[in-house]
Structures are given as C-alpha cells and as structure tokens.
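Data block below; observations after.
The values are calculated or read from the model by the stated rules, or taken from the named source; none is laboratory data. Note that this is a predicted model, so its numbers are computed, not measured. Cβ placement follows ideal geometry from the backbone for every residue including glycine, while neighbour counts extend to all protein chains displayed. For accessibility, only protein heavy atoms count, side chains too; no ligands or nucleic acids. Shrake-Rupley method; radii C 1.70, N 1.55, O 1.52, S 1.80 Å.
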Amino acid sequence: MRAALYSAVFPVLAASVSAHTIFQELYVNGVDQGHLTGIRVPDYDGPITDVTSNDIICNGGINPYHQPISQAIITVPAGGTVTTEWHHSLAGADPSDPADPIDPSHKGPVISYL
C-alpha cells in the first residue's frame, strides 16, 4: 500500500519542481568580483528537465553558455567568505522586477558547482 502511494505521489511532486535561476555574481570577503566575472553563465534560466543527461552537470543543450565565456579566475583566500548572487535574467539586480531574484513560480532546490 505504502509503495503504491509513493509511486503515485512522487511523479506528481517531481513534475512540480521547476526551480531555476542564474548564478551571476560572486563576492569574496564582501567585495563584488563583477557581474558575470569568473562564472560560466547560461543564456537563460530554463530548467534542465532531463536529469540523466550531462547537461545537468555542465549546462548546455537548451541552455548554451553566454558568450564570451569569462576567462577570469577568482581567488578566495583560505578562510575567506564567499557570497553568491542569483537572478532570473542576465540583466542582474532589478528592484523594479517583483520576480527578481527568483520568480515565485521557480522556487525549489538549486545546484551550484564552485
């Protein structure tokens, strides 16, 4: 009975997860390193729906990298503090946009590789 319930409920819950946003800025010890600097950024915040593809690791497919790709390497000293900034469009922070930084319909788990 329990297995049947899980198998019926899990696909519905999994289908409802639509979290996506774009990691755009990195701060080291409170200092902004620059918009899109040192970050491989996708062109838009569309979700990767095939979690079995390599796109989940490296992005790509439907979300190609924004060109040109930053060649900067951001150095963080041992014990330093790293802060990230996310937005749902490449324009960055937009106080007039009620859906910034994350559209209310896009909330959910987020994966980041540093």
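Determine whether region 3-21 contains at least one residue that is more than 15 Å from the chain's Cα centre (by Cα), open to solvent by 50 Å² or more (accessible area, probe 1.4 Å) and modelled with pLDDT of 95 or more.
No: region 3-21 contains no residue that is more than 15 Å from the chain's Cα centre (by Cα), open to solvent by 50 Å² or more (accessible area, probe 1.4 Å) and modelled with pLDDT of 95 or more.
The rows are residues; the columns are (1) in a loop (DSSP other than H, G, I, E, B); (2) modelled with pLDDT of 75 or more; (3) surrounded by 13 or more Cβ atoms within 10 Å (Cβ to Cβ); (4) in contact with an Asp or Glu (Cβ under 9 Å, 6 or more places away or on another chain).
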{"position": "Y44", "(1), (2), (3), (4)": "yes, no, yes, no"}
{"position": "Q67", "(1), (2), (3), (4)": "yes, yes, no, yes"}
{"position": "G79", "(1), (2), (3), (4)": "yes, yes, no, no"}
{"position": "E85", "(1), (2), (3), (4)": "no, yes, yes, yes"}
{"position": "D94", "(1), (2), (3), (4)": "yes, yes, yes, yes"}
{"position": "S112", "(1), (2), (3), (4)": "yes, no, no, no"}
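Can you find a residue that is surrounded by 12 or more Cβ atoms within 10 Å (Cβ to Cβ), within 15 Å of the chain's Cα centre (by Cα) and modelled with pLDDT under 90 anywhere in region 25-40?
Taking every residue of region 25-40 in turn, at least one turns out to be surrounded by 12 or more Cβ atoms within 10 Å (Cβ to Cβ), within 15 Å of the chain's Cα centre (by Cα) and modelled with pLDDT under 90.
Taking the residues in region 96-110 that are open to solvent by less than 70 Å² (accessible area, probe 1.4 Å) and of a type in the set (A, V, I, L, M, F, W, C) as candidates, determine which candidate is modelled with the highest pLDDT.
Selected residue: A99.
Show the residue pairs that are 6+ apart or on different chains and have beta-carbon atoms under 6 Å apart, the first residue being within region 66-85 and without any contact (Cβ under 8 Å) to a residue 60 or more places away in the chain, the second being among the aromatic types (F, W, Y).
So the pair list comes out as T83/Y27.
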